[in-house]
Structure formats: C-alpha cells, structure tokens
1. Could you tell me what percent of the accessible area of the chain is made up of carbon and sulfur, with a 1.4 Å probe and every protein chain present?
2. Round to the nearest 10 and give me the degree value, 0 to 90, for the angle of helix 180-193's Cα axis relative to the longest principal axis of the chain.
3. Given [x] 73, 38, 30; [y] 51, 49, 36; [z] 59, 44, 36, which label gives Cα extents along the principal axes in Å as computed from the coordinates?
4. Relative to the present Cα-Cα distance, how much length would full extension add between L191 and S231 at 0.36 nm per residue of separation?
5. Accessible area per residue for the chain in Å², computed with a 1.4 Å probe and the full protein assembly in place, what is it?
6. Using the crude model of +1 on Lys and Arg Cβ and -1 on Asp and Glu Cβ, and no other charge, please compute the dipole size for the chain relative to its Cα centre, in debye to 20.
7. Between K68 and L184, what is 0.36 nm times their sequence separation minus the Cα-Cα distance? Round to one decimal in nm.
8. With only Lys, Arg, Asp and Glu charged, each at its Cβ (+1 for the first two, -1 for the last two), find how big the charge dipole of the stretch 17-59 is about the Cα centre; round to the nearest 20 debye.
Amino acid sequence: NLLKPAICDSLIRIGSKYDGGYVLPQEILRNIEVLISLGISIDWSFDKALKNINPNMPIHAYDHTISKEFFLKNAPNGIFRLFTLRNGPRKCYEKFRLLNSYLKFFQNTNIHYQERVNNAVEASYDATVEKIFSRVQGKNNIFLKIDIEGTEYLVIEKILEYKNQILGLAIEFHETNKNRNIFLKLVNKLLVDFELIHLHANNCGSIGDDDLPDALELSLIAKNRVYVHGSRDELPIANLDFPNDPKKIDYKIIFAK
C-alpha cells in the first residue's frame, strides 16, 4: 500500500496515449517554469505536449544516445534500405518523420544536451545532478521527467536535495523486483515531500516475485501544491491509462484494503 496513489481531481494525460505519456493534475501544468527531461530516446511526446500547454517554458532534455547527426544519418539509411527491399515505406517514412520532429522541436529554448545522466563524472559526456541544476539556477517550479533505464536509482537521492525547487516528478522505475530494497527506500524518501497522485504499470515489463510489475511509472507532486482526497483501490484508470504495448492487455493493480 506504499504505492497506493491519492485521489486527485482534474487528472489529464500528457504525451503519448501509450508509451511516453504520464498522468498529471491539470491545475499544476501552467505553473511549471522549466521541464528537465532525463532520457528522451526517440520519444519526446511528453515534452511536446507540455510545451503546447506552457509555450514559454524552457526544456532541458538529456540523452547521450541520440543527436542531430544520429537522425540525419538514420534517415538516408532508411531510403537505402527501402531500395534494397530491407525496409518498407512505412519504416522509411518514420525515420524522416523523426528527423523532422527533432529538428523542429529542439531549437531556441528547447535544448537537447547530448549528455549521459550519471551520479559521477566517468566520461566527458556525463552530466551530474549538480550540473543539471546549475543550468536552471534561480528557477523554481521545476518539473522532472525521469526515464533513464535504471540510473534513477543512482540519482534520485541527489535530486531530492533540490526538492524546494521541484514542483513535481514523473519517474519510470525499472527492474523493481531486482532492486526492491533501494526502490522501496527511494519511494519512502519521495513520499516525505511529494504526493503520489498516479501509478501505472508498464506492461512491457514482467511481474515481480510478489506480483508487483517490474516497471512502474509514478507521478508525484509537491504536497503543498496539490489537493488530494482519499486513495485509489484499483488501477488502471479508464480513459487515462493505456497499455504501453497496445498488443497486450494492461496490468491491473488492486490494493489491499
């Protein structure tokens, strides 16, 4: 029941209907001053949707696995594979769509740092939490989206040192079964200052030994910034939650009463 989310009114989905989206209370969205997006890969639907709501909001996105050069190289490769019959037209179109979307979105105040989020500087392209927050000095009402494939376990405690500047967080925790002790420790620390207002199980992951899904998406808002009443007994929420893999049924979570 540690993960039992509070009931919060005016919830809406931000970002993709399937993978890449998070459920948040509408009342806080226009108050966000900066979005720090840790881990974007080839999906910035959350960032884009939040920017549409908050056009003047700067975005600092971090991902060392992609770049303009990556998409520029990938798109012509799609044409080559089309003519050699190794790619269909749909895949070729998708490569050019991604290139166009990246070039149009990441400009001006939407900055993509080709850096790896890490808890220490182990390579020239590493960005520590201190470095990330140094770039938003003087800003409050910061929202963080965190999807960094396991590195969340290394950086969340450091992120919480900046809790007074943080309005909310959307975090995907990976391999919660293998990392059960540290996962529970971090959730307990997050819940001191933040309200868990939504939880969704990623159906691309497996089920843990105690029936908890291995990949979990959490939405948390600063306790003094959101009104909650009661708690939810069952998830997912109809018309807000959708399976990450639409070909598979969504995981259902029922909390003990």
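The values are calculated or read from the model by the stated rules, or taken from the named source; none is laboratory data. Predicted model only: the values in this text are computed from it and were never measured. Because the Cβ atoms are built from the backbone with ideal geometry, glycine has one as well, and the counts that use them run over all protein chains shown. Heavy atoms of the whole protein, side chains included, go into the accessibility calculation; ligands, DNA and RNA do not. Shrake-Rupley method; radii C 1.70, N 1.55, O 1.52, S 1.80 Å.
1. Numbers: 6420 of 12840 Å².
Carbon and sulfur together cover 50 percent of it.
2. Roughly 70 degrees, rounded to the nearest 10.
3. It is the value labelled [z].
4. Values: separation 40, 0.36 × 40 = 14.40 nm, distance 1.41 nm.
Here the answer is 13.0 nm.
5. On the way: 12840 Å² over 257 residues.
Per residue, the chain has an accessible area of 50 Å².
6. Values: 33 positive and 32 negative charges, 183 e Å.
So the magnitude is around 880 debye.
7. Details: separation 116, 0.36 × 116 = 41.76 nm, distance 3.76 nm.
That works out to 38.0 nm of additional length.
8. Values: 4 positive and 5 negative charges, 25 e Å.
In debye, rounded to 20, the stretch 17-59 gives about 120.
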